[in-house]
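The values are calculated or read from the model by the stated rules, or taken from the named source; none is laboratory data. From a predicted model like this one, the values you see are computed outputs, not experimental measurements. Positions of Cβ are backbone-derived with ideal geometry, glycine not excepted, and every protein chain shown enters the neighbour counts.
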Amino acid sequence: MDLKTAYTQINEQLSQVIVGQQEVVDQLLISIFCKAHCILEGVPGLAKTLLISTLSRAMDLTFSRIQFTPDLMPADITGTDVMQEDKQTGRRSFQFIEGPLFANIVLADEINRTPPKTQAALLEAMQERQTTVGRTRHTLPNPFFVLATQNPIEQEGTYPLPEAQQDRFMFKILVDYPHFDEELEIAKRTTAGALPEVKPVITAEDIIKLQESVLQTPIADSIVRYCLALVRQTRIGQDGVPDFVNQNVSWGAGPRAVQYLILAAKAKALLRGASCVAIEDVQAVAKPVLRHRILMNFTAQSEGVTSDDLTDKLIAATPVSDDELLNDPRMKKIFK
């Protein structure tokens with residue numbers, strides 16, 4: 001099974017339950033096929049949980065939902081050692097009881113509601129694909145994905161993820177309100193009876209193979225340079241950085257942004273049935289990759305300028321042709 005076929009079959013199952021939100025679905029699937037994690041941000045009631053649980057059923061993966069709260073402790077998500085007694089011998093020993101992290105897809109609901117200690121435990125699991133309880137390391141299932149949600153309202157008493165921790169997520173996906181026709185269809189479906197049954201169309205083994213195919217997808221050096229050009233232009237105070245970046249940005253994107261741009265562009269190319277990456281694939285994934293890695297300053301925030309606006313300007317200001325990119329005087333400074 002190739003990635004485009006898997007994408008088509010998964011979409012067919014999701015469309016039975018989820019109305020619209022195609023861009024969100026595409027970005028979720030790209031992150032999964034890139035073996036990466038992502039943050040979804042949107043107001044309550046936009047079917048974020050339903051989308052992720054339905055996705056897990058269509059992929060025949062185990063699913064776990066963790067509701068993050070201010071009193072949630074690391075052991076509540078990783079698991080803990082519990083004293084057990086053998087009824088036959090009478091011996092007592094510690095036995096590890098797995099927490100909700102031990103699933104293929106983990107929905108970290110409202111991750112910004114829990115203290116940094118618990119956030120750090122989750123981020124360690126994301127990075128290392130394992131948890132450490134006491135002196136014992138426990139390997140997490142493969143594949144393993146963390147899909148975290150954030151509520152953009154009611155920020156009082158929250159613990160926003162620091163930029164360095166957000167950097168470990170491949171995408172920040174914005175979940176917006178549905179269009180009128182979509183909301184009309186949602187209202188009809190959800191008030192008319194039981195939702196249709198979603199059938200698994202892809203297995204964990206298939207996903208692992210597709211992740212390997214993404215890594216093996218060819219990409220030209222010229223497109224890698226284009227990715228570098230986009231990211232390096234976000235770093236204020238450097239030679240060749242546009243004035244609008246220096247005026248609006250406090251901190252730019254790091255090397256992970258380049259890595260994720262390349263990986264996401266590879267997956268995007270395979271989703272549309274192409275055998276290699278095009279500039280358009282990079283441009284299509286630039287916003288979800290960069291929006292949580294570019295920290296806007298007070299001036300930009302007061303004027304309503306977002307990181308997405310900045311990404312649009314960067315795309316417009318960056319030459320597409322490799323010859324132009326290499327010969328542009330400003331880009332020569334960027335590539336020093």
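Scanning the stretch 193-243 for residues that are among the small types (Gly, Ala, Ser) and at negative phi returns Ala194, Ala204, Ser213, Ala220, Ser222, Ala229. When residues in the stretch 77-91 are screened for being of a type outside the set (Lys, Arg) and over 30 Å from Lys117 (Cα atoms), 5 of them pass. Inside the stretch 184-200, residues that are closer than 19 Å to Pro44 by Cα and touching a residue at least 12 places away in the same chain (Cβ under 8 Å) make up a count of 3. Looking at Ala264, Ala284, just one residue is small (Gly, Ala, Ser), surrounded by 21 or more Cβ atoms within 10 Å (Cβ to Cβ), assigned to a helix (DSSP H, G or I) and out of contact with any Gly (no Cβ under 8 Å at 6 or more places or on another chain), and that residue is Ala264. Scanning the stretch 320-336 for residues that are assigned to a loop (DSSP other than H, G, I, E, B) and either of a type in the set (Gly, Ala, Ser) or in contact (Cβ under 8 Å) with a residue 60 or more places away in the chain (or both) gives Val320, Ser321, Phe335, Lys336. Does Pro218 meet the test of being farther than 29 Å from Leu51 by Cβ, surrounded by fewer than 23 Cβ atoms within 10 Å (Cβ to Cβ) and within 18 Å of the chain's Cα centre (by Cα)? Here the answer is no, as Pro218 does not meet what is asked. Annotation: of all residues in the stretch 19-70 being in a loop (DSSP other than H, G, I, E, B) and of a type in the set (D, E, K, R), the one that is nearest to Pro288 (Cα to Cα) is Lys35.
Let's see how each residue does on (1) within 18 Å of Gln27 (Cβ to Cβ); (2) in contact with a Ser or Thr (Cβ under 6 Å, 6 or more places away or on another chain); (3) not small (Gly, Ala, Ser):
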| position | (1), (2), (3) |
| --- | --- |
| Arg272 | yes, no, yes |
| Val277 | yes, no, yes |
| Leu295 | no, yes, yes |
| Glu303 | no, no, yes |
| Asp309 | no, no, yes |
| Val320 | no, no, yes |
| Arg330 | no, no, yes |
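No other residue among Met83, Met73 is modelled with pLDDT of 85 or more, more than 24 Å from Thr217 (Cβ to Cβ) and over 20 Å from the mean Cα position of the chain (by Cα) apart from Met73.
In the stretch 55-68, the residues that are on the phi > 0 side of the Ramachandran plot form Cβ pairs under 6 Å with partners that are surrounded by fewer than 22 Cβ atoms within 10 Å (Cβ to Cβ), at six or more places apart or across chains, as follows: Asp60/Pro200; Asp60/Thr203. Residue check: Asn151 meets all listed conditions (1) buried (at least 16 other Cβ atoms within 10 Å of the Cβ); (2) in contact with a Leu (Cβ under 9 Å, 6 or more places away or on another chain); (3) closer than 30 Å to Asp176 by Cα but one, namely (2).
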